[in-house]
Amino acid sequence: MLLAAGALVASPAMAQINTVDPNDVIDSDLGTPPQAATAAPAENVAPTVQDGVPTEAPAALPETSSASPAIPTEATYQEDDLIGAAEGVFGKGAQGLGKLIEDILKKQGRPNGYIVGREGGGAFVVGLRYGSGTLNHKVEGQKPVYWTGPSIGPDAGANAGSTFVLVYNLYDTEDIYKRYPAGEGVAYLGGGFNASYLRRGDVVLIPIRVGAGLRLGANVGYMRFSKKQRWLPF
């Protein structure tokens, strides 16, 4: 009788116990997950035919753009601005100057800086060059700049005159105050002007020179730019 009574008491209690999966409870709090997105069918993709039997068409590849990011024009100098600045150095209407700058811009693109100044130098196998001017930067404005240029080679004579330097990829004006090795000879010659090529890292300098004097030859060296006048060339 006691066992029967215990069974009657336990039956209702056991009837109220439900087995619960804890994972189902956690999932129910998260809500119903969204349905997976289905890929859109390819449009107008012709099936591949092999030996007269159509096979499964290949999946369409997404279109990609090959255009490079555009360089903002406000970060570089326009051709008219450069020609006007160069004419202020060499004189308005200087023969061949506009054509020279135009040809350089076609090959190198537009610079984000330029230097206007004067320099003088001489050489007899070993040469020296001294100059001073103003760096005009499209973003950081104007900075004073001085330079020296030791060189060596089969070079003799002396010259003095104005200088106009196109400056490329100068994103921090502090980077101008370093040594810039000279390029391999003259990059352009025309109309009484000559343009050489110097480079350090990504920064490229293209000095355009004309002046009075007599000098003939070739040399290798560098231009060292500084914030103050230096008498030691090295």
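The values are calculated or read from the model by the stated rules, or taken from the named source; none is laboratory data. A quick note: this is a predicted structure, and the numbers were derived from the prediction, not measured. All Cβ positions, even for glycine, are placed from backbone atoms using ideal geometry, and neighbour counts span all protein chains on display. Just the protein is used for accessible areas: all its heavy atoms, side chains included, with ligands, DNA and RNA removed. Shrake-Rupley method; radii C 1.70, N 1.55, O 1.52, S 1.80 Å.
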*Check segment 121-143 and report whether any residue there is at pLDDT below 85, closer than 25 Å to Gln95 by Cα and not hydrophobic (A, V, I, L, M, F, W, C).*
yes
*Looking at this structure, is Tyr77 in a loop (DSSP other than H, G, I, E, B), modelled with pLDDT of 50 or more, open to solvent by less than 60 Å² (accessible area, probe 1.4 Å) and closer than 20 Å to Asn169 by Cα?*
yes
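Take Ala158 and decide whether it is at pLDDT below 90 and open to solvent by 30 Å² or more (accessible area, probe 1.4 Å). Show your work before the answer.
On the way: at pLDDT below 90: yes; open to solvent by 30 Å² or more (accessible area, probe 1.4 Å): yes.
Spelling it out, Ala158 is indeed at pLDDT below 90 and open to solvent by 30 Å² or more (accessible area, probe 1.4 Å).
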_Being in contact (Cβ under 8 Å) with a residue 24 or more places away in the chain, of a type outside the set (Phe, Trp, Tyr) and open to solvent by less than 20 Å² (accessible area, probe 1.4 Å) is the requirement here; does Pro111 meet it?_
yes
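Have a look at Gly96, Gly120 and point out the one that is surrounded by 12 or more Cβ atoms within 10 Å (Cβ to Cβ), over 29 Å from the mean Cα position of the chain (by Cα) and at positive phi. Steps first, answer last, please.
Working: Gly120 fails: at positive phi.
Just one listed residue meets the conditions, Gly96.
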